[in-house]
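> What follows is a structure written as structure tokens; I'll ask about it next.
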Amino acid sequence: MSASASTSQPSTSANVGAGAKSHHLLEHNEEKNSVVIKVGMVGDSQIGKTSLMVKYVEGSFDEDYIQTLGVNFMEKTITVRRTTITFSIWDLGGQREFVNMLPLVCNDAVAILFMFDLSRKSTLNSVKEWYRQARGFNKTAIPFLIGTKFDTFATFPRDEQEEITKQAKRFAKAMHASLIFCSTSASINVQKIFKIVLAKAFDLKCVIPEIEGVGEPLLIYHDV
Ligand SMILES: Nc1nc2c(ncn2[C@@H]2O[C@H](COP(=O)(O)OP(=O)(O)OP(=O)(O)O)[C@@H](O)[C@H]2O)c(=O)[nH]1
Ligand SMILES: [Mg+2]
């Protein structure tokens with residue numbers, strides 16, 4: 001019950017980026033175009049969803065874990081040429097008890113980040129179930145498979161890295177998802193995730209080079 005109360009705030013502020021008068025995705029605002037892109041984040045508990053969102057929006061990182069109770073929501077506005085783009089980021093607490101709030105995060109999302117912790121293999125297996133459930137609410141969102149905590153993963157023995165990388169590639173292929181490994185604490189690929197989301201959402205040319213080698217922070221997003 002308290003969890004649903006915490007989400008009423010986000011849903012009202014969700015339209016701020018689009019201007020108070022209108023709910024349209026695209027509108028004219030004193031000769032500038034404004035666009036809102038809703039991005040949903042799902043995945044098991046403690047994999048670093050909230051950390052990634054906070055890092056992208058506020059630039060900060062906290063080592064302490066604060067469990068997300070229900071749904072978190074943040075906005076970040078950037079300007080590309082003469083267009084104002086507001087990322088509206090919705091982050092679902094990974095504990096199973098919050099799964100009833102999955103529609104809040106998935107409905108109308110342009111992209112969904114399916115996230116797992118590269119240093120905990122079970123969290124990658126869970127992606128299957130997160131994907132199945134999220135797709136039930138949103139069949140058109142652009143899917144991303146995001147492996148977190150690359151800093152920790154990079155210290156693993158080579159064979160373990162290879163195995164997880166192989167499985168992640170397999171999953172990404174089956175999901176037709178872009179695959180990105182990132183580290184919030186070491187600031188690896190955090191900005192790039194959202195740049196690629198934007199490029200995919202508007203079919204823009206993206207010049208970020210792909211990275212495909214084992215042991216590297218993967219960025220695979222062409223032809224997926
Ligand atoms: N080493 C390392 N730790 C990280 C990274 N990102 C997050 N963490 C840590 O992982 C823990 C969990 O992070 P959260 O962002 O709270 O995880 P969450 O997925 O939001 O968890 P729930 O809210 O329960 O779903 C925290 O202690 C973070 O500091 C990272 O890139 N590297
Ligand atoms: Mg969280």
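The values are calculated or read from the model by the stated rules, or taken from the named source; none is laboratory data. Nothing here was measured: the structure is a model prediction, and the numbers come from that model. For neighbour counting, all protein chains shown are included, and Cβ atoms are generated from backbone atoms with ideal geometry for every residue, glycine included.
> Restrict the check to segment 152-169 and report whether at least one residue is in contact (Cβ under 8 Å) with a residue 40 or more places away in the chain, touching a strand residue (DSSP E or B) at 6+ places or on another chain (Cβ under 6 Å) and not in a helix (DSSP H, G or I).
The answer is no; no qualifying residue exists.
> Might you check whether a residue that is modelled with pLDDT of 95 or more and in contact with a Pro (Cβ under 6 Å, 6 or more places away or on another chain) occurs anywhere in segment 150-162?
At the first step, the residues of segment 150-162 found to be modelled with pLDDT of 95 or more are 150-162.
The next check asks that each one be in contact with a Pro (Cβ under 6 Å, 6 or more places away or on another chain); those that pass are 150.
Yes, the conditions are met somewhere in segment 150-162.
> Please list, ordered by first then second residue, the pairs with beta carbon atoms under 6 Å, 6 or more apart or interchain, first in segment 61-75 and of a type in the set (G, A, S), second modelled with pLDDT of 95 or more and more than 6 Å from ligand 1 (Cβ to nearest atom).
Here the result reads G70/F98; G70/M101, each pair linking segment 61-75 to a residue that is modelled with pLDDT of 95 or more and more than 6 Å from ligand 1 (Cβ to nearest atom).
> Sticking with this one: All but one of (1) closer than 30 Å to D64 by Cα; (2) out of contact with any strand residue (DSSP E or B) (no Cβ under 9 Å at 6 or more places or on another chain); (3) not acidic (D, E) hold for F181; which doesn't?
Of everything listed in (1) closer than 30 Å to D64 by Cα; (2) out of contact with any strand residue (DSSP E or B) (no Cβ under 9 Å at 6 or more places or on another chain); (3) not acidic (D, E), F181 misses just condition (2).
> When you check K205 against the structure, is it at pLDDT 95 or above and either in a loop (DSSP other than H, G, I, E, B) or of a type in the set (K, R) (or both), yes or no? Give the derivation first.
Details: at pLDDT 95 or above: no; either in a loop (DSSP other than H, G, I, E, B) or of a type in the set (K, R) (or both): yes.
When the stated conditions are applied, K205 does not pass them.
> Select from segment 92-129 the residues that are under 13 Å from the mean Cα position of the chain (by Cα) and aromatic (F, W, Y) and list them in ascending order.
F114, F116, listed by residue number.
> With the condition being hydrophobic (A, V, I, L, M, F, W, C), I'd like the strands (runs of 3 or more DSSP E) fully within segment 24-141 carrying at least 3 qualifying residues. Before you say what the answer is, go through the steps one by one.
Working: elements: 26-29, 32-42, 71-80, 83-92, 111-117.
Output list reads 32-42, 71-80, 83-92, 111-117.
> Take segment 119-130 and flag every residue that is within 22 Å of N189 (Cα to Cα) and either of a type in the set (A, V, I, L, M) or buried (at least 19 other Cβ atoms within 10 Å of the Cβ) (or both).
Looking only at segment 119-130, we keep the residues that are within 22 Å of N189 (Cα to Cα), and these are 119-121, 123-124, 127.
Passing the criteria: S119, T123, L124, V127.
> Quick check on segment 96-118. Is at least one of its residues farther than 14 Å from M41 by Cα, in contact (Cβ under 8 Å) with a residue 40 or more places away in the chain and surrounded by 23 or more Cβ atoms within 10 Å (Cβ to Cβ)? Full working, then the answer.
Restricting attention to segment 96-118, the residues satisfying the condition of being farther than 14 Å from M41 by Cα are 96-97, 100, 118.
This time we only want the ones that are in contact (Cβ under 8 Å) with a residue 40 or more places away in the chain, so: 118.
Among the residues that remain, those that are also surrounded by 23 or more Cβ atoms within 10 Å (Cβ to Cβ) are: 118.
Looking through segment 96-118, at least one residue is farther than 14 Å from M41 by Cα, in contact (Cβ under 8 Å) with a residue 40 or more places away in the chain and surrounded by 23 or more Cβ atoms within 10 Å (Cβ to Cβ).
> Separate question: Given the options T148, T123, T184, name the one that is touching a Leu at 6+ places or on another chain (Cβ under 7 Å), over 20 Å from K76 (Cα atoms) and within 16 Å of ligand 2 (Cβ to nearest atom).
T148
> Specify the residue that is nearest to S122 (Cα to Cα); the eligible residues are those in segment 46-104 that are within 7 Å of ligand 1 (Cβ to nearest atom) and of a type in the set (D, E, K, R).
Among them, the one singled out is K49.
> Contact list please: Cβ distance under 7 Å, first residue in segment 212-224 and more than 16 Å from F153 (Cα to Cα), second residue small (G, A, S) and in a loop (DSSP other than H, G, I, E, B), pairs at least six apart or on different chains.
V224/A177
> Please pick out the residue among V71, V42, V57 that is surrounded by fewer than 16 Cβ atoms within 10 Å (Cβ to Cβ) and either at pLDDT 95 or above or within 12 Å of ligand 2 (Cβ to nearest atom) (or both).
Working: V71 fails: surrounded by fewer than 16 Cβ atoms within 10 Å (Cβ to Cβ); V42 fails: surrounded by fewer than 16 Cβ atoms within 10 Å (Cβ to Cβ).
Going through V71, V42, V57 in turn, the sole match is V57.
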